[in-house]
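No value in this document is a laboratory result; all are computed from the given coordinates. None of the values given here were measured: they were computed from a predicted structure. Here the Cβ is made from the backbone with ideal geometry for all residues, glycine too, and neighbour counts use every protein chain on show.
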Amino acid sequence: MIRAATPDDPLRIAVLASGTGSNLASLLERLDDTVSIVGVASNRADAIALRRAQDADIETAIFPRGEDWAVRDRALRAWLVERRVELVVLAGFLELLTTELVDHLPVINVHPSLLPAFPGLKAWQQALDAGATETGVTVHFVDAGLDTGPIIAQEPVPIREGDDAAALHLRIQAVEHLLLPDVVRRLAANQVSAPAGVPA
């Protein structure tokens, strides 16, 4: 169970992102003072998310994958622990994490589909290719699998006639930008119970 936070003692979170950081921007805009973003890390030095964090005076770091993911994740875990991070939020972090991290800290992820449908990359394109009439957004706890961790919350997104990948992706992102901050706020309020196996 993640502890109940207060404005005087906010939940300390770190955000991991690989791209533009639009979900980071939504967290910065929508989180209340019961949550403090104390670090933003990326696997890519050119991630725009890092610049967003620096503009907000948030400490940043880069952890490229290298040849051994476990080595990378041990270094990342040490950086998180040093900053007393209590929850890790994946916001467009496009790599798997190993047990070196997910067995030691609670991690959540936002994924652009109604899991278990369409795990992995470009889920919106997968949905279109499958001829689905609906997709959506899932926020889930992270384990060492590919989008297999316990689900916290989901919101559907209809697929409209004539949708292409870009249009569908934009509508999914709009839902992500609301659902992810809402889940983080609920976690900070101790309104979400972490299932067995999720580190406290």
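Looking for whichever is surrounded by 15 or more Cβ atoms within 10 Å (Cβ to Cβ), over 20 Å from Val192 (Cβ atoms) and in contact (Cβ under 8 Å) with a residue 24 or more places away in the chain here; the options are Ala5, Ala14, Ala25. Which one fits? Can you show your working first?
On the way: Ala5 fails: over 20 Å from Val192 (Cβ atoms); Ala14 fails: over 20 Å from Val192 (Cβ atoms).
Selected residue: Ala25, the only one of Ala5, Ala14, Ala25 that is surrounded by 15 or more Cβ atoms within 10 Å (Cβ to Cβ), over 20 Å from Val192 (Cβ atoms) and in contact (Cβ under 8 Å) with a residue 24 or more places away in the chain.
Could you check segment 124-138 and list, in sequence order, the residues that are in contact (Cβ under 8 Å) with a residue 40 or more places away in the chain and touching a strand residue (DSSP E or B) at 6+ places or on another chain (Cβ under 9 Å)? Don't jump to the end; show me each part of the working.
First pass over segment 124-138, keeping only residues in contact (Cβ under 8 Å) with a residue 40 or more places away in the chain: 124-125, 127-128, 137.
Within segment 124-138, Trp124, Ala127, Leu128, Val137 meet the criteria.
For segment 62-82, enumerate the residues that are within 17 Å of Ala49 (Cβ to Cβ) and either loosely packed, with under 15 Cβ neighbours inside 10 Å or of a type in the set (Gly, Ala, Ser) (or both). Passing the criteria: Ile62, Pro64, Arg65.
Determine if segment 103-115 includes at least one residue that is crowded, with 22+ Cβ neighbours inside 10 Å, of a type outside the set (Lys, Arg) and over 20 Å from Leu178 (Cβ atoms). Among the residues of segment 103-115, at least one is crowded, with 22+ Cβ neighbours inside 10 Å, of a type outside the set (Lys, Arg) and over 20 Å from Leu178 (Cβ atoms), which makes the answer yes. For segment 83-94, the candidate set comprises residues that are within 22 Å of Gly19 (Cα to Cα) and buried (at least 16 other Cβ atoms within 10 Å of the Cβ); within that set, the residue that is farthest from the chain's Cα centre (by Cα) is Val85.
Looking for something more than 14 Å from the chain's Cα centre (by Cα) and in a strand (DSSP E or B) - is there at least one such residue anywhere in segment 160-178? No: segment 160-178 contains no residue that is more than 14 Å from the chain's Cα centre (by Cα) and in a strand (DSSP E or B).
Pairs meeting the criteria (first residue in segment 61-75 and closer than 10 Å to Thr98 by Cα and touching a residue at least 24 places away in the same chain (Cβ under 8 Å), second residue part of a helix (DSSP H, G or I) and of a type outside the set (S, T, N, Q), beta carbons under 7 Å, at least 6 apart or on different chains) are Ala70/Glu100; Asp73/Glu100; Asp73/Leu101; Arg74/Glu100.
Taking segment 1-108 and the strands (runs of 3 or more DSSP E) fully enclosed by it, the elements with 1 or more residues that are more than 20 Å from Val142 (Cβ to Cβ) and touching a strand residue (DSSP E or B) at 6+ places or on another chain (Cβ under 6 Å) are at 35-42, 60-62.
Matching residues to (1) touching a residue at least 40 places away in the same chain (Cβ under 8 Å); (2) out of contact with any Lys or Arg (no Cβ under 6 Å at 6 or more places or on another chain):
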{"residue": "Leu90", "(1), (2)": "yes, yes"}
{"residue": "Leu101", "(1), (2)": "no, no"}
{"residue": "Gly149", "(1), (2)": "yes, yes"}
{"residue": "Ala166", "(1), (2)": "no, yes"}
{"residue": "Arg171", "(1), (2)": "no, yes"}
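Scanning segment 127-143 for residues that are closer than 12 Å to Asn109 by Cα, outside any strand (DSSP E or B) and among the aliphatic types (A, V, I, L, M) yields a total of 1.
Within segment 98-120, the residues that satisfy the criterion of being among the aliphatic types (A, V, I, L, M) and more than 12 Å from the chain's Cα centre (by Cα) are Leu101, Val102, Leu105, Leu114, Leu115, Ala117.
Looking across segment 3-21, the residues that are of a type outside the set (Lys, Arg) and more than 21 Å from Leu97 (Cβ to Cβ) come down to Ala4, Ala5, Thr6, Pro7, Asp8, Asp9, Pro10.
Residues in segment 111-126 that are of a type in the set (Gly, Ala, Ser) and either part of a strand (DSSP E or B) or within 22 Å of Ser22 (Cα to Cα) (or both): Ser113, Gly120, Ala123.
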